[in-house]
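First the structure, in the form of structure tokens, and then the observations on it.
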Amino acid sequence: MSQATKSQGVWGKLGGAGIGLAIGGPLGALIGGVAGHFLLDRVGAPFGRTPRDVVFTTGLVALAAKMAKSDGVVLPSEVEAFGRVIQVEPSARAGVERLFDLAKKTTSGFEAYAHQLATTFGDEPALLEDVLDGLFQIAGADGALHEAEERYLRAVSGIFGFDEVAFRRIAARHVRLPDDPYGVLGLDREADDAAVKARHRALVAEHHPDRALARGLPTEAVAIATRRLAAINAAYDRIAQERGLR
């Protein structure tokens with residue numbers, strides 16, 4: 001199955017009261033608000049197991065919308081980044097934009113959406129890291145992380161259960177920090193060469209996009225993982241060059 005087909009399948013699921021009730025909570029209510037603008041193509045009973053791919057993508061869109069509202073200004077570069085992270089077929093674009101606009105206007109705060117994602121993916125924190133990576137990619141599209149965006153992302157990170165060290169490690173993949181590129185790998189500058197190599201191998205294995213594909217995650221998660229792996233490899237290459245590692 002192609003990635004485009006997968007993405008279309010996720011958005012094809014967003015329709016009717018059934019899918020909203022299956023998800024429940026503020027994200028389910030948000031989907032209910034756009035019912036009728038998507039066709040429900042989900043196989044099986046509409047009140048079966050919560051479709052995690054839909055929760056992931058809808059949650060990412062909702063949090064991106066709230067981030068745009070908190071910042072107050074949506075730049076063209078951020079719109080372009082949103083299009084890269086949230087990949088959909090042209091036929092579904094209008095529906096995604098409606099979902100984004102509705103999320104900006106809802107009375108539910110970003111905390112409600114973040115808490116629902118944290119509960120849904122509590123057993124798989126890597127998916128929560130994917131969401132943060134996607135938000136960072138959008139926020140940092142103009143080459144800077146603005147104060148309001150940083151406060152927002154720190155708050156979301158905290159709800160997801162990440163501490164300050166984890167937040168800085170994730171942030172280092174997208175914005176320049178004093179410890180960069182060591183921060184990207186979650187290492188101290190004092191780490192020896194063997195530790196650097198071992199950490200790089202472990203991160204590549206953990207974050208390889210093939211893992212997202214194997215778990216049947218949506219295109220958004222695979223695209224985020226691909227960019228994250230590129231940042232990890234770039235950080236390692238810088239350290240390897242500085243140290244003369246082979």
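Summary table below
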read-out	value
Of residues in region 54-82 being modelled with pLDDT under 75 and either open to solvent by less than 10 Å² (accessible area, probe 1.4 Å) or of a type outside the set (A, V, I, L, M) (or both), the one nearest to Glu220 (Cα to Cα)	Ala81
Complete set of residues in region 168-200 that are open to solvent by 30 Å² or more (accessible area, probe 1.4 Å), outside any helix (DSSP H, G or I) and of a type in the set (Asp, Glu)	Asp179, Asp188, Glu190, Asp192
Residue list for region 97-136, restricted to those being of a type in the set (S, T, N, Q) and modelled with pLDDT of 85 or more	Gln116, Thr119, Thr120
Qualifying residue in region 112-125 (condition: loosely packed, with under 15 Cβ neighbours inside 10 Å and part of a helix (DSSP H, G or I))	yes
Leu145 being among the aliphatic types (A, V, I, L, M), over 25 Å from Gly28 (Cα atoms) and either touching a residue at least 24 places away in the same chain (Cβ under 8 Å) or in a helix (DSSP H, G or I) (or both)	yes
Search result, residues across region 150-167 that are part of a helix (DSSP H, G or I) and surrounded by fewer than 21 Cβ atoms within 10 Å (Cβ to Cβ)	Glu150, Arg151, Arg154, Ala155, Gly158, Ile159, Glu164, Val165, Ala166, Phe167
Tally, over region 130-142, of residues that are open to solvent by less than 30 Å² (accessible area, probe 1.4 Å) and touching a residue at least 60 places away in the same chain (Cβ under 8 Å)	8
Unique match (being assigned to a helix (DSSP H, G or I), surrounded by fewer than 19 Cβ atoms within 10 Å (Cβ to Cβ) and without any contact (Cβ under 8 Å) to a residue 60 or more places away in the chain) among Leu203, Leu213	Leu213
Residue, nearest to Ala62 (Cα to Cα), within region 85-129, restricted to residues that are of a type in the set (Lys, Arg) and without any contact (Cβ under 8 Å) to a residue 60 or more places away in the chain	Lys104
Subset of region 171-187 that is modelled with pLDDT of 85 or more and touching a Phe, Trp or Tyr at 6+ places or on another chain (Cβ under 7 Å) - its residue that is farthest from Asp133 (Cα to Cα)	Leu185
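The values are calculated or read from the model by the stated rules, or taken from the named source; none is laboratory data. Note that the structure is a prediction, hence the values are computed from the model and not measured. Note that we place each Cβ from the backbone using ideal geometry, even for glycine, and neighbour counts take in every protein chain shown. These accessible areas exclude ligands, DNA and RNA; they are computed on the full protein's heavy atoms, side chains included. Shrake-Rupley method; radii C 1.70, N 1.55, O 1.52, S 1.80 Å.
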